[in-house]
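The values are calculated or read from the model by the stated rules, or taken from the named source; none is laboratory data. Keep in mind that this is a model prediction, so the values were computed, not measured. Note: ideal-geometry Cβ built from the backbone for every residue, glycine included; neighbour counts use all protein chains shown.
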Amino acid sequence: MNTAFDRQALRFLRQALCVGVLFILAGAFSSCKTEGAPGSDAIAEYHTFLNGLPRDGPNSIQTATAYFQQHFVNKSQRQRDAAFLAFRNFYYPAVKSADVLIDRKKWQEVENDWKKQEFLQWLGDNGLALCSSEGNYFIDESYSFLLCTFGRYVSKPLRDYLALRQVEMRRRYVEDAALRISFLEVAKRCVAWERYLREYPRSSLRSDAEYRYRDYLAILLEGMNKNCILDEWSEDPKKWQRGIEEAYEYIIKDYGETRPGQLIAAYYSLVKRSGFKKTPEVEQFLKDHKSEYTRERTRSSYPDFGYIVAPESCGPPTPYEMR
């Protein structure tokens, strides 16, 4: 047996094993860096690309969408989520900027129906919708755009958020300081958002979801200017009392152990004893619990007022369990 040859072969074998291990580790590190980390080069490049687009041109929304579809649909889930959030941060300022494109009061004076349809199609292609409130027109996000365009690519927490928002925006709830939906529907939306927050406590869109939950909870507790539930705040509280009691009983019966269920149960007991009057006890209760329904707006969280004029082209809203 040639001992020197054996030692040399063993040395080569060890070197080959070391090189092989290094290649494996380098490949794993490279994969983590380029596919798994939201702060990777691909995301940074997308941020740079978005920052270079004009915010006051809605065509930029279409351009930004095309970039996502070209560069991210085959990436990892984490990168797709990060890219979607980057797009979303670009999208909402662009929506606000697009509102200057329409003369609200003169829209109804446009007689050429073909031009109207052409304009509506152009809005839809760029993720926008024509809306109306109190006789005026404005441009807002399309209720179906984000879910239809990005829903198949993002993770379940983001997809469920978009599904909830699609259902809500299809039936906007505020018009001229009054509810456009029933108190029962407000209750269903409130518990749906509370459930979302419980299911996805670390959601990237938690702050927006928290705003939605608190907004509906505030309506259930205080009503609105034209839907007051306590007689000192309204000329005709009985008009709304039956609807609000139905909403309270729905939450207490089916969601009594939840955050809104416990709060509503205590409040309902108090206002029933007061005869739905704004007594000092009722005022104190609302003051003590104000922090539980005070909402803080973000750039993408604001009341859904008015109604959509333009038809949507993405089909009916995706059903979401809102028992």
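Values for this structure:
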item	result
Test: residue in the stretch 215-229 that is surrounded by fewer than 20 Cβ atoms within 10 Å (Cβ to Cβ), in a helix (DSSP H, G or I), of a type in the set (Asp, Glu) and free of Cβ contacts under 8 Å to residues at least 40 places away in the same chain	no
Looking only at the stretch 179-205, and only at residues there that are of a type in the set (D, E, K, R) and part of a loop (DSSP other than H, G, I, E, B), the one that is surrounded by the fewest Cβ atoms within 10 Å (Cβ to Cβ)	202
Test: residue in the stretch 109-119 that is surrounded by 15 or more Cβ atoms within 10 Å (Cβ to Cβ) and either under 27 Å from residue 263 (Cα atoms) or aliphatic (A, V, I, L, M) (or both)	no
Those residues of the stretch 251-267 which are surrounded by 15 or more Cβ atoms within 10 Å (Cβ to Cβ) and either among the acidic types (Asp, Glu) or not in a helix (DSSP H, G or I) (or both), in sequence order	258
Selected residue (criterion: surrounded by the fewest Cβ atoms within 10 Å (Cβ to Cβ)) from residues of the stretch 62-94 that are among the hydrophobic types (A, V, I, L, M, F, W, C) and under 20 Å from residue 207 (Cα atoms)	85
Any hit, the stretch 170-178, residues being surrounded by fewer than 23 Cβ atoms within 10 Å (Cβ to Cβ), assigned to a helix (DSSP H, G or I) and at pLDDT below 95	yes
Verdict on residue 57 being modelled with pLDDT under 90, on the phi < 0 side of the Ramachandran plot and in contact with a helix residue (DSSP H, G or I) (Cβ under 9 Å, 6 or more places away or on another chain)	yes
Count of residues meeting criterion [within 12 Å of the chain's Cα centre (by Cα) and either assigned to a strand (DSSP E or B) or of a type in the set (Phe, Trp, Tyr) (or both)] in the stretch 146-167	1
Pairs, first within 17 Å of residue 85 (Cα to Cα) in the stretch 133-156, second among the hydroxyl-bearing types (Ser, Thr, Tyr), C-beta under 7 Å, six or more apart	147/318; 149/65
Residue among 165, 152 that is closer than 20 Å to residue 92 by Cβ and either surrounded by 18 or more Cβ atoms within 10 Å (Cβ to Cβ) or of a type outside the set (Gly, Ala, Ser) (or both)	165
Residues satisfying the stated conditions in the stretch 268-277, i.e. buried (at least 18 other Cβ atoms within 10 Å of the Cβ) and either on the phi < 0 side of the Ramachandran plot or of a type in the set (A, V, I, L, M) (or both)	268, 271
Residue that is over 11 Å from the mean Cα position of the chain (by Cα), within 22 Å of residue 99 (Cα to Cα) and touching a residue at least 24 places away in the same chain (Cβ under 8 Å), where the choices are 170, 189	170
